[in-house]
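As structure tokens, the structure follows; a few thoughts come after it.
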Amino acid sequence: MGLTLLTACGSSYGERCAAAVQCSGGNDRDIDACIAVVNAAEEVAAAYDCSDAYFKHADCIDRTATCGDKKFESNCKGESDSLRTCENAASGQ
């Protein structure tokens, strides 16, 4: 996910999205869009019964995210791969 992305306007992902947008540049609309993308990813994971993997990935992002050269990055490849594997298995892919 481009803005990997993790409390503005009642969203639990507002702080993560604000940090990502502050890092890469943007405005309130970019934060809102980030929150919408992250909320949708959470819903997809739930639909595939992959919420545990999703929240492990989200927690990793919250713990490891850094900003460098206008890039908001985290060190969560293992968690990301686990989530993708879970969703792919549930979808039959």
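For the chain, what does -39500 (n - 2.57) per DSSP helix run (n ≥ 4), summed and divided by total residues, give at 222 nm, in deg cm²/dmol to the nearest 500?
That comes out to -21000 deg cm²/dmol.
What net charge is computed for the residues neighbouring GLU43, neighbours being all others with C-beta under 14 Å from the C-beta of GLU43, Lys and Arg scored +1, Asp and Glu -1?
Taking every Cβ under 14 Å from that of GLU43, the sum is -3.
Roughly what would the spin-label model give for PHE55 and LYS70, points 7 Å off Cα along C-beta, in nm?
If labels sit at PHE55 and LYS70, their model points lie 3.7 nm apart.
Once phi is turned into θ = phi - 60°, what whole-Hz ³J(HN,Hα) does the Karplus curve with 6.51, -1.76 and 1.60 give for every residue of the stretch 23-40, x standing for Gly and Pro?
With coefficients 6.51, -1.76 and 1.60, one gets 5, 8, x, x, 9, 4, 5, 5, 5, 4, 5, 4, 4, 4, 5, 5, 4, 5 Hz.
Leaving out ligands and nucleic acids, and using a 1.4 Å probe, what accessible area per residue does the chain come to in Å²?
Here the residues of the chain average 62 Å² of exposed surface.
Ignoring ligands, DNA and RNA, what percent of the accessible area of the chain is carbon or sulfur (1.4 Å)? Numbers along the way, then the final one.
Values: 2780 of 5770 Å².
For the chain, the apolar C and S fraction of the accessible surface comes to 48 percent.
Among the aspartates and glutamates, which have Cα under 14 Å from the Cα of LYS77 when same-chain residues fewer than 8 positions away are ignored?
ASP59, ASP62
The values are calculated or read from the model by the stated rules, or taken from the named source; none is laboratory data. No experiment lies behind these values; they were computed from the predicted model shown. Reconstructed Cβ throughout: ideal geometry from the backbone, glycine too, with neighbour counts over all protein chains shown. SASA here: full protein model, heavy atoms, side chains in, ligands and nucleic acids out. Shrake-Rupley method; radii C 1.70, N 1.55, O 1.52, S 1.80 Å.
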